[in-house]
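Single-structure report; data block below.
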Amino acid sequence: TGLLFRIAPVSRKNTCDIEIVNAGHPHPLYFDEKSSEITEIVYKHPDEQYGMIGIKGLGVSFPVTQIKSNVNDIFVLFTDGLIEAHDNTKEQFGIERVKKIVKANKNASAQNILDAINKGFTTFLDGEPVHDDITVIVAKRKKASDFIEEL
């Protein structure tokens, strides 16, 4: 699986266009700061998205999804090990728990949101072993003018 994000330069209005290509990865989450809504980033026509990376002769189609991102928007990328992990009753951690944690911590830094996801995950599992790899990335847009580009 794989995700590819291409981030355009920031405009004078502090927005930027982000192109996302998903090659069989769990749908990333997008928190839109202006609407306070969190959604899964899903291509509009799922039947046009197919194939597997690295298999010779197999056709692939990974179309681009575009988002206009604003300051304080949040992106959460993760492997399926996060949402498919289960407690001792076999209930999965699930995408809805991740969404609730992100919304509850929307004003926090990306690191603090990641820490909240980790804490919620650990609390949920309550000592149950994890059977899959887990990777989580949290990215939060900041004002471009707050940073000086390093050469």
If you compute semi-axes √(5λ) of the Cα gyration tensor in Å for the structure shown, which of [x] 26, 18, 13; [y] 45, 16, 11; [z] 27, 23, 13 do you land on? [z]
Within 11 Å, Cβ to Cβ, of residue 112, how many net charges do the neighbouring residues add up to if Lys/Arg are +1 and Asp/Glu are -1? +2
With a 1.4 Å probe and all protein chains left in place, how much accessible area per residue does region 42-133 have, in Å²? 62
State to the nearest 20 debye the size of the charge dipole of the chain about its Cα centre, where the only charges are +1 on K and R beta carbons and -1 on D and E beta carbons. 660
Listed by chain and number, the lysines with an alpha carbon less than 30 angstrom from that of residue 140, same-chain partners under 8 positions apart left out, are 13, 34, 44, 68, 99, 100, 103, 106, 119
Portion, in percent, of the accessible area of the chain that falls on carbon or sulfur, probe 1.4 Å: 52
Checking 54, 81, 94 against a Gaussian network model of the chain (alpha-carbon springs below 10 Å), the top fluctuating residue turns out to be 54
Near residue 17, within a Cβ-to-Cβ distance under 14 Å, what is the net charge of the other residues, with Lys and Arg +1 and Asp and Glu -1? +3
If each of residue 64 and residue 36 carries a label point 7 Å out from its Cα toward its Cβ, how far apart are those two points in nm? 3.3
Tell me what the chain gives for mean residue ellipticity at 222 nm when only DSSP H runs of n ≥ 4 count, each as -39,500 (n - 2.57), the sum divided by the residue total, rounded to 500 deg cm²/dmol. -6500 deg cm²/dmol
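Tell me, in nm to one decimal, what length is gained between residue 48 and residue 136 on full extension, where the rule is 0.36 nm per residue of separation less the Cα-Cα distance?
On the way: separation 88, 0.36 × 88 = 31.68 nm, distance 2.67 nm.
Using 0.36 nm per residue and subtracting the Cα-Cα distance, I get 29.0 nm.
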Report the local net charge at residue 132: Lys and Arg +1, Asp and Glu -1, summed over other residues whose C-beta lies under 14 Å from its C-beta. -4
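The values are calculated or read from the model by the stated rules, or taken from the named source; none is laboratory data. Here the structure is a predicted model, which means the values were calculated and not measured. Here the Cβ is made from the backbone with ideal geometry for all residues, glycine too, and neighbour counts use every protein chain on show. When the accessible area is computed, the model is the full protein with side chains, heavy atoms only, and any ligands, DNA or RNA have been set aside. Shrake-Rupley method; radii C 1.70, N 1.55, O 1.52, S 1.80 Å.
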